[in-house]
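The values are calculated or read from the model by the stated rules, or taken from the named source; none is laboratory data. Given the structure is predicted, the values throughout are model-derived calculations rather than measurements. We place every Cβ from the backbone using ideal geometry, glycine too, and count neighbours over all the protein chains shown. For accessibility, only protein heavy atoms count, side chains too; no ligands or nucleic acids. Shrake-Rupley method; radii C 1.70, N 1.55, O 1.52, S 1.80 Å.
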Amino acid sequence: MPPQVHTLLITGMPASGKTSFGDWLRDNRGYVHVDLDAADCLKRAGLPPFWTEKERVAALDTGRLREFVRHLRTVGKPSVLTWTFPTDLVDFAREMTSFGVVAWWFEADRLASRQKYASRNTVLRNGVYSRGKPDTTLFDRYVGAVNSNWARIAPIFGERIIRALGADGRFVDPVSICDRLQAAAKAA
C-alpha cells in the first residue's frame, strides 16, 4: 500500500472475509492487524491497552479514539482494523474517518454470506467472538439493520465498497482487493 494510507477500516457483511483479508494484509503486506471483534485484539497486535475487554473500541470518547488512531501511525507500518460494523455506531465510524482512517465496506451476496455465517463455529456476543453455534436470526436482523440504516452508512464508504463474496460462495482474491485499495489511494 502507498505510504499515505496509514490505517484502513475493513467492515461490512458478516462472513464476507474481513478478518481473513486483515490477516492476509498482516502476513503478506506487513500490516498491523487489529481484529476489533476479538477479545484480545490489542494484545495480539502488540498495542497498548487503549480500552478494556469490557469497554471495547466503541466506548472510546473522541479524545481516546484520536489517541488510538495517532498511536497506530507511530508503529512504523500501516494498520488495518477489521470490524463487524454495529449499525448503531454510524457516528462513531464517521468519527474514525475524520481522524484519517480510510473505511472500506465488504459487501457479500446475502445468501452466500448467510451460509458461510451459519457454518462457523463462532458467535459474536457483546462485540466479541467466542465459540458457539451461530444463530442465523441474528444474521437476518443484522442484514435488516444494515438495509434500514444504509442511507446513513453509505456516505462513510462512498465508492469504497468491494463485493468480497459472490453468489457462488467464493471470496475475491486478496491480491485483487489490495490492487483496488491501492488504485483508490492513488486516485485520492
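Hey, any hits in the range 99-108 for a residue that's farther than 27 Å from residue 171 by Cβ and either out of contact with any Cys (no Cβ under 7 Å at 6 or more places or on another chain) or not in a helix (DSSP H, G or I) (or both)?
Scanning the range 99-108 turns up at least one residue that is farther than 27 Å from residue 171 by Cβ and either out of contact with any Cys (no Cβ under 7 Å at 6 or more places or on another chain) or not in a helix (DSSP H, G or I) (or both).
For the structure I just gave you, tell me whether residue 92 is out of contact with any Cys (no Cβ under 6 Å at 6 or more places or on another chain), assigned to a loop (DSSP other than H, G, I, E, B) and aromatic (Phe, Trp, Tyr).
Details: out of contact with any Cys (no Cβ under 6 Å at 6 or more places or on another chain): yes; assigned to a loop (DSSP other than H, G, I, E, B): no; aromatic (Phe, Trp, Tyr): yes.
So residue 92 does not fit the description; no.
Scanning the range 27-74 for residues that are among the polar types (S, T, N, Q) and in contact with a Pro (Cβ under 9 Å, 6 or more places away or on another chain) returns a single hit, 28. When every residue of the range 29-37 is checked against the conditions, at least one turns out to be at pLDDT below 95 and open to solvent by less than 10 Å² (accessible area, probe 1.4 Å).
Give the number of residues within the range 1-28 that are assigned to a loop (DSSP other than H, G, I, E, B) and either open to solvent by 70 Å² or more (accessible area, probe 1.4 Å) or of a type in the set (Ser, Thr, Tyr) (or both). Give the derivation first.
Kept after step one, since they are assigned to a loop (DSSP other than H, G, I, E, B), are these residues of the range 1-28: 1-6, 13-17.
After this cut, where a residue has to be either open to solvent by 70 Å² or more (accessible area, probe 1.4 Å) or of a type in the set (Ser, Thr, Tyr) (or both) as well, the list is 3-4, 6, 16.
Of the residues in that region, 4 qualify.
Among the residues of the range 52-88, those identified as under 17 Å from residue 103 (Cβ atoms), in a helix (DSSP H, G or I) and either of a type in the set (Asp, Glu) or touching a strand residue (DSSP E or B) at 6+ places or on another chain (Cβ under 9 Å) (or both) are 57, 69, 72, 73, 88. Picking from residues in the range 121-144 that are assigned to a loop (DSSP other than H, G, I, E, B) and loosely packed, with under 12 Cβ neighbours inside 10 Å, the one that is modelled with the highest pLDDT is 133.
The residues of the range 43-58 that are among the small types (Gly, Ala, Ser) and open to solvent by less than 50 Å² (accessible area, probe 1.4 Å), listed by number, are 45, 58.
Of all residues in the range 70-94, those being under 29 Å from residue 148 (Cα atoms), surrounded by fewer than 20 Cβ atoms within 10 Å (Cβ to Cβ) and not hydroxyl-bearing (Ser, Thr, Tyr) number 7.
Against the test of being open to solvent by less than 50 Å² (accessible area, probe 1.4 Å) and in contact with a Leu (Cβ under 7 Å, 6 or more places away or on another chain), the options 154, 108, 118 yield a single qualifying residue, 108.
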